[in-house]
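Trainee: Below: one structure in structure tokens.
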Amino acid sequence: MAAPGEKALETTHVGKKEKQSAKRYWQGTEEEGKEDHKGQNEGKSKHVLLQKETPARMEGAKKRREREEERGGNKFISGKSDPFPGSAPVPEEKLKKFQRGEKGKLPPRLQYKLRDIVDRSEAASELAQKQAARHDLLLPEDAGFLEGDEDEDTCTISQEDIADAVDITSGAKYFNLNLSQFGPYRLDYSKTGRHLLLGGRRGHVTCLDWQSKQLMCEMNVMETVNDVKWLHSEAMFAVAQKKWLYIYDNNGIELHCIRKFNDVLRMQFLPYHFLLATASATGFLQYLDVSVGKEVAAICTKSGRLDVMSQNPHNAIIHLGHSNGTVTLWSPNQKESLVKMLCHQGGVRSVTVDKSGTYMVTSGMDKKLKVYDLRAFKPLQSYFLPAGASCLSLSQRGLLSAATGDIVQVYRDVWSTPVTKPYMAHRVRGSVWGVHFCPFEDVLGVGHGDGFTSMVVPGAGEPNFDGLDANPYRSAKQRQEWEVKALLEKVQPELICLDPGTLSQVDKATWEQRHQDQVQALGYDPQTKEKFTPRHKTKGRSSSGKVEKRKKQVAHEDQRDDIRKTVEDRMKLEKERKEKENKTKTFSGQNSALDRFRK
């Protein structure tokens, strides 16, 4: 019988059965309490069975724990361990593609807070690099290409054959606009690649959604049009007319007439700086900040008429071609050119730069097409074209279009290996005035004397776009949100330089020069000696005022010694100089044997 208020407990034993004294409820183990609680929740009254652990049972549990630790603590249904533990490795080629520069040197261990911040930032950068490399495998689209049959050159395949072979949506991208009355035409695609802007030499200006063929606006400015350019979005565009520069919206309403920018021939828009760069017939390169409507810089290039212009998308440097065969690189921060290269024996006809900022392609009056490496400013390849190239354009995937008269030729891999034949070729109905690849599309726009032609060029566009930067399918609300964020993240024109990587580095040479100037001005080096710290005194003699007074006294004494030494050195130099002058005077005062010949 159990005593009142006590719970009778039964025990089972392996082998000999024994009686065990009853235990109270607070004397049980934690595991037993959990089992009791679980049994009460299930609504079943169970007796806790206390089992004595035998040596065999303890040995089995120990082996089971060891096997689980070897498997990493994971229990598998099959009982086998994972043959490929951890995350899958990322290929080195993918990691190099998304590398964000080289690692910097860590600060000394004394600066532990700064060291911790640098460690965390580098760890976050590495994580972002690995995640981007992993997600690169999940991109939905691949770049296209054109492949001919056996013994067939791709340059002999016509646009009509390509349009018939592809699907209806891709075939609709090849079309012609017959605009023979107001040509020849200059063109420009928006950053998203959705909208097209055309400007005829005789004043015809139109913008449209070229994929849906929906006309946005059309007008005639009744004046010569030299160039047209989209601004930061498809809501505004700039037109370089005969006299001045005009800004219109996408409904054709004139917003601004900027008389400071006169005789503009070519324009380039820097999207991340909100700068419109213009080259004029008077030899001036001007920058307009379209976010505030102010002129940032006006540079006189002293090179005459400027009708060849291009930009480097990597560092926002403007490339200008001149009639003496040189190409100059410009930034709004300097009045002189950053680099001046002699590229051709005759005048430069066209210049273009790839999106990575590594290669520059030029064509000149000497009928040569040259490829330059902008990292070393040296030529890589040189090609001879029978009639030269009047217009050049590079696609996002590295295809080069060169217009010769009324023929447009497309080349592939012009900087890696020598090219013997074009990738594609097409003849238009008039002399070509401008060529431009459409972003994110396998399309090349050609403006000529008889209107506009849209060519299908497989493998030209980047197949996957960044929806946060340039989204071709964005709505009006998304465009407004993007515009606000882009204005907040606008890069200042003072940061435009040849190597953008220098912006994240410390300019040690400038600091050393400032330090030397400071030493020469003061007569002593203020950083040579440690600062004096007065010892603490009692009875009110260590108040803040008295401590500062003692510091100044010691500092003045140190300065007096340094200044006295500097003054003594200067006096010594002055004395030596005077002695040298006196010697020259004494030698000049002596009579010479040749003095009798003087009159």
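Trainee: State which entries of 242/302; 378/490; 213/477; 103/490; 335/367 exceed 30 angstrom in Cα-Cα distance in the structure shown.
Mentor: Check vs 30 Å cut-off fails for 378/490; 335/367.
Trainee: In deg cm²/dmol and to the nearest 500, what is the mean residue ellipticity at 222 nm of the chain if only DSSP H runs of at least 4 residues count, each as -39500 (n - 2.57), divided by the residue total?
Mentor: The helix-only estimate for the chain comes to -8000 deg cm²/dmol at 222 nm.
Trainee: Under 5 Å between amide H atoms, partner at least 5 residues away or on a different chain: which partners does residue 296 have, H built in plane at 1.01 Å?
Mentor: It is 287, 288, 289, by chain and number.
Trainee: Quick check on segment 241-370: take the gyration tensor over C-alpha atoms, sort the square-rooted eigenvalues as a ≥ b ≥ c, and tell me if it's rounded (a/c under 1.5), prolate or oblate.
Mentor: prolate
Trainee: Could you tell me the relative contact order of segment 215-334? Use alpha-carbon pairs under 8 Å, at least six residues apart, and round to a whole percent.
Mentor: Reported relative contact order: 15 percent.
Trainee: Still on this structure, please answer the following. Quick one: Karplus J couplings for segment 310-321, per residue in order, coefficients 6.51, -1.76, 1.60, θ = phi - 60°, nearest Hz, x for Gly and Pro?
Mentor: Running phi through 6.51 cos²θ - 1.76 cosθ + 1.60 with θ = phi - 60° gives 7, 10, 8, x, 6, 10, 6, 8, 8, 9, 10, x Hz.
Trainee: Next question, about the same structure. For labels at residue 544 and residue 242 in the simple 7 Å Cα→Cβ model, what's the distance in nm?
Mentor: 7.4
Trainee: Count neighbours as other Cβ atoms within 10 Å of each site's Cβ, and list the trypsin sites (Lys or Arg not before Pro) in segment 90-158 that are DSSP loop with at most 13 such neighbours.
Mentor: Loop-located and lightly packed - 100, 103, 105, 109.
Trainee: Let me have the relative contact order for segment 368-479, percent, based on Cα pairs under 8 Å that are six or more residues apart.
Mentor: Once divided by the residue count of segment 368-479, the mean separation gives 18 percent.
Trainee: If the only charges are +1 at each Lys and Arg Cβ and -1 at each Asp and Glu Cβ, what is the size of the charge dipole of segment 373-422 around the Cα centre, to the nearest 20 debye?
Mentor: Rounded to the nearest 20 debye, it is 160 debye.
Trainee: Going toward the positive end of the dipole of the chain, with +1 on Lys and Arg Cβ and -1 on Asp and Glu Cβ, which of 61, 513, 326 do you reach last?
Mentor: Projecting each Cα onto the dipole axis, the largest value belongs to 513.
Trainee: Distance between Cα centroids, segment 164-232 to segment 125-140: provide it in whole Å.
Mentor: 37
Trainee: Here's something else I'd like to know. Do you know the relative contact order of the chain, to the nearest whole percent, from alpha carbon pairs under 8 angstrom that are 6+ apart?
Mentor: It rounds to 9 percent for the chain.
Trainee: Give me the dipole magnitude in Debye, nearest 20, for the chain about the Cα centre, with unit charges on the beta carbon: positive for Lys and Arg, negative for Asp and Glu.
Mentor: 4300
Trainee: Here is a further query. Could you tell me which label, among (i) 1.23; (ii) 1.03; (iii) 1.20, carries the value of Rg/Rh (Cα atoms, Kirkwood Rh) calculated for this structure?
Mentor: Only one listed value fits the structure, namely (i).
Trainee: Right, next: Would you mind getting the accessible area per residue of the chain, heavy atoms of the protein chains only, 1.4 Å probe, in Å²?
Mentor: 65
Trainee: Taking 7 Å along the Cα-to-C-beta vector as the label spot, tell me the residue 505-residue 119 distance in nanometres, rounded to one decimal.
Mentor: 2.7
The values are calculated or read from the model by the stated rules, or taken from the named source; none is laboratory data. What you are looking at is a predicted structure, and each value in this text was computed from that prediction instead of being measured. Note: ideal-geometry Cβ built from the backbone for every residue, glycine included; neighbour counts use all protein chains shown. For accessibility, only protein heavy atoms count, side chains too; no ligands or nucleic acids. Shrake-Rupley method; radii C 1.70, N 1.55, O 1.52, S 1.80 Å.
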